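No lab work stands behind these numbers, since they all come straight from the coordinates. This one's a predicted model, so the numbers in the text were calculated from it and none came from an experiment. Virtual Cβ from ideal backbone geometry, glycine too; neighbours counted across all protein chains shown.
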Amino acid sequence: QSALTQPASLSGSPGQSITISCTGTNTDIGSYDYVSWYQQHPGTAPTLIIFDVTHRPSGISHRFSASKSGNTASLTISGLQPEDEADYYCASYTSDSTLVVFGGGTKLTVL
Amino acid sequence: QVHLVESGGDLVQPGRSLRLSCKASGFSFSGYGMHWVRQAPGKGLEWVAMIWYHGNSQYYADSVKGRVAISRDTSKDTLFLDMDDLRVEDTAVYYCVRAGRPSFYFFDRWGQGTLVTVSS
């Protein structure tokens with residue numbers, strides 16, 4: 001069982017917006033601004049799309065945005081495109097014995 | 001351009017040892033922390049270990065603590081993961097990952113991974 005909780009799957013139509021939630025506790029998301037998000041297409045390595053809660057690396061589309069409230073972080077993808085179909089993972093620093101924890105991943109389908 | 005190339009993955013029997021390597025290029029290796037992250041077949045991502053840029057501090061996931069050791073050779077721009085007493089549940093693709101900056105707790109560049117299969 002993953003330390004962070006994400007919905008297993010979500011779907012949306014091209015042009016729509018979707019939001020993926022990532023729920024942790026006060027030992028990770030709730031207390032630290034070290035939440036990151038990754039996109040993974042089948043058979044490839046993950047790619048960083050958000051770091052430190054809200055920051056986008058250079059080259060990442062402005063359609064990806066993120067936020068945090070309490071123990072829950074959220075990733076929003078606006079203007080869904082077919083290439084957004086992928087698995088999405090959240091991660092956070094944790095003050096528990098494990099340094100970093102991941103969510104279980106969300107499979108996004110673009111219908 | 002940042003490149004991380006893992007090697008060393010193999011099919012091994014339970015209880016055996018294995019060393020993974022990751023050759024880094026395209027950036028100042030000595031200035032970055034490094035992680036290993038793994039992904040079991042069809043499963044999600046799991047953080048495994050981290051080493052600070054200076055190599056003096058290491059951190060491990062509870063699932064591997066006491067059985068693995070992360071190290072680095074700055075002269076060769078290479079990261080290592082030594083794994084002992086391998087278990088079936090260690091079967092996964094192991095990714096070499098560069099730590100982000102200024103915070104070290106995100107993963108800004110990933111290798112393509114090397115597959116470790118533990119089976120009798």
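Give the total of Lys-Lys pairs in the protein assembly as shown with Cα-Cα distances below 23 Å; include a pair only if its members are 8 or more places apart or on different chains. Please report the intermediate quantities before stating the final value.
Numbers: A:Lys68/A:Lys107; A:Lys107/B:Lys43; B:Lys23/B:Lys76; B:Lys43/B:Lys65.
Total qualifying Lys-Lys pairs in the protein assembly as shown comes to 4.
Translational diffusion coefficient of the stretch B:54-120 at 25 °C, 0.890 mPa s, Stokes-Einstein with Kirkwood Rh over Cα pairs, in µm²/s as a whole number. All intermediate terms of the calculation are to be shown ahead of the outcome.
Values: Rh = 13.5 Å.
In µm²/s, the coefficient is 181.
Just to be sure I understand: of the beta bridges DSSP finds with both ends in chain B, what percent are antiparallel, rounded to 5?
Numbers: 38 of 40 bridges.
Rounded to the nearest five, the antiparallel share is 95 percent.
Give the order of B:Glu46, B:Glu89 when sorted by the count of other beta carbons within 10 angstrom, beginning with the fewest.
Values: B:Glu46 20, B:Glu89 10.
So the ranking, lowest neighbour count to highest, is B:Glu89, B:Glu46.
Averaged over B:39-46, how many beta carbons belonging to a partner chain fall within 10 Å of each residue's beta carbon? Don't skip to the end; give the middle numbers.
Details: counts 6, 0, 0, 0, 3, 11, 13, 6.
The mean count of partner-chain Cβ atoms within 10 Å per residue comes to 5.
Which value, in Å to one decimal place, does the Kirkwood hydrodynamic radius take for chain B when every pair of different Cα atoms is included?
On the way: mean 1/r = 0.0707 Å⁻¹.
This gives a value of 14.1 Å.
Work out the P(r) tail for chain A: percent of alpha carbon pairs separated by more than 22 Å, whole number.
Working: 1548 of 6105 pairs.
Roughly 25 percent, once rounded to a whole number.
Give me A:Ile20, A:Ile29, A:Ile60 ranked fewest to most by other Cβ atoms within 10 Å of their Cβ, as a rough exposure proxy.
Numbers: A:Ile20 21, A:Ile29 29, A:Ile60 16.
In increasing order of surrounding Cβ atoms, one gets A:Ile60, A:Ile20, A:Ile29.
Please report, in whole Å, how far the alpha carbons of the protein assembly as shown spread along each principal axis, starting with the longest.
Principal axes ranked by extent give 49, 39, 36 Å for the Cα atoms.
Among B:His54, A:His62, what is the fewest-to-most ranking by other Cβ atoms within 10 Å?
Arranged by neighbour count, lowest to highest, B:His54, A:His62 become A:His62, B:His54.
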